[in-house]
1. Does any residue in the stretch 155-174 that is at pLDDT below 60 come within less than 9 Å, Cβ to Cβ, of a residue that is not β-branched (Val, Ile, Thr) six or more places away or on a different chain, and which pairs are these?
2. Of the numbered conditions (1) buried (at least 16 other Cβ atoms within 10 Å of the Cβ); (2) at negative phi, ASN91 fails exactly one; give the number of that condition.
3. So, in the stretch 39-84, how many residues would count as being of a type in the set (Gly, Ala, Ser), surrounded by 15 or more Cβ atoms within 10 Å (Cβ to Cβ) and farther than 30 Å from LYS167 by Cα?
4. Provide a single number: the residues in the stretch 27-58 that are of a type in the set (S, T, N, Q) and either under 26 Å from LEU155 (Cβ atoms) or over 20 Å from the mean Cα position of the chain (by Cα) (or both).
5. List the residue pairs whose Cβ atoms are under 8 Å apart, where the first residue sits in the stretch 71-88 and is at pLDDT 90 or above, the second is of a type in the set (S, T, N, Q) and surrounded by fewer than 19 Cβ atoms within 10 Å (Cβ to Cβ), and the two are 6 or more positions apart or on different chains.
6. Kindly evaluate GLU24 against the criterion of being surrounded by 15 or more Cβ atoms within 10 Å (Cβ to Cβ), free of Cβ contacts under 8 Å to residues at least 24 places away in the same chain and over 30 Å from LYS156 (Cα atoms).
7. Tally the residues that are in contact with a Phe, Trp or Tyr (Cβ under 7 Å, 6 or more places away or on another chain) and under 24 Å from PRO165 (Cα atoms), restricting the search to the stretch 89-104.
8. Any residue in the stretch 127-153 that is closer than 29 Å to ILE163 by Cα and without any contact (Cβ under 8 Å) to a residue 60 or more places away in the chain sitting within a Cβ distance under 8 Å of a residue that is surrounded by 13 or more Cβ atoms within 10 Å (Cβ to Cβ) and of a type in the set (Asp, Glu)? List the pairs, counting only those 6 or more apart or interchain.
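The values are calculated or read from the model by the stated rules, or taken from the named source; none is laboratory data. If you're wondering where the values come from, they're calculated on a predicted model, not measured in any experiment. Here Cβ is always computed from backbone atoms with ideal geometry, including for glycine, and neighbour counts include all displayed protein chains.
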Amino acid sequence: MNKETPIKIEKVVLSVAGTEDKLERGSKLLNLISGMKPIKTKATKRIPTFGVRPGLEVGCKVTLRKDKIDILKRLLAAIDNSIKEKQIKENHFSFGIHEYIEIPGIEYQRDIGVMGLNVTIVFTKPGRRVLEKKSSKGKFPKRQQVTKEEIIEFLKKNYNLIIVPKKSHLEGDN
């Protein structure tokens, strides 16, 4: 495979966590931002400290693909077009938006209140389909994964994103 194989954004996932009232407000928020109806996610484990039990709805999410990805520029503008290098992993990167009113073009909604959300952007290269087809699944070699360096280069080139490098443990807090 050519080393210069182009990478592309496969999907953008917007998510909000919470239970009961917060979950309903989060669902309205995701609908406001994306224009799509969010799906609810359920807990699989029991966490008594937080009052979580299996089957309880604990979050909601919306997956945006292809033509709906243009919202990404607005979401990146909400965090001043800069992310930390440690937020970038293999095949994806994630960031949080503290308050939805930071997103350009979105106004405060009284019924939603003040809420934040999480954004995850997943990248892919051509040939990924061999993993997802039902019959005769193929192998997906390591060279086919989208590396951290490729994601950084893509973001700088296409979105003018500023990547804040990790601090070295030798530098200290000077």
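1. Note: pairs meeting the criteria are ASP173/LYS167.
2. Single failed check for ASN91: (2).
3. At the first step, the residues of the stretch 39-84 found to be of a type in the set (Gly, Ala, Ser) are 43, 51, 55, 59, 77-78, 82.
Next cut, surrounded by 15 or more Cβ atoms within 10 Å (Cβ to Cβ) only: 43, 59, 78.
Among the residues that remain, those that are also farther than 30 Å from LYS167 by Cα are: 43, 59.
Looking only at that region, the number is 2.
4. In the first step, residues of the stretch 27-58 are kept if they are of a type in the set (S, T, N, Q); the result is 27, 31, 34, 41, 44, 49.
Subset that is either under 26 Å from LEU155 (Cβ atoms) or over 20 Å from the mean Cα position of the chain (by Cα) (or both): 34, 44, 49.
So the count comes out to 3.
5. Correct list of pairs: ILE71/SER34; ASN81/ASN160; GLN87/SER94.
6. Numbers: surrounded by 15 or more Cβ atoms within 10 Å (Cβ to Cβ): yes; free of Cβ contacts under 8 Å to residues at least 24 places away in the same chain: yes; over 30 Å from LYS156 (Cα atoms): yes.
Taking the combined requirement at face value, the residue satisfies it.
7. From the stretch 89-104, those in contact with a Phe, Trp or Tyr (Cβ under 7 Å, 6 or more places away or on another chain) are 91-92, 101; that's our starting set.
Still in the running and under 24 Å from PRO165 (Cα atoms): 91-92.
Qualifying residue count for the region: 2.
8. GLN145/GLU90; THR147/GLU90
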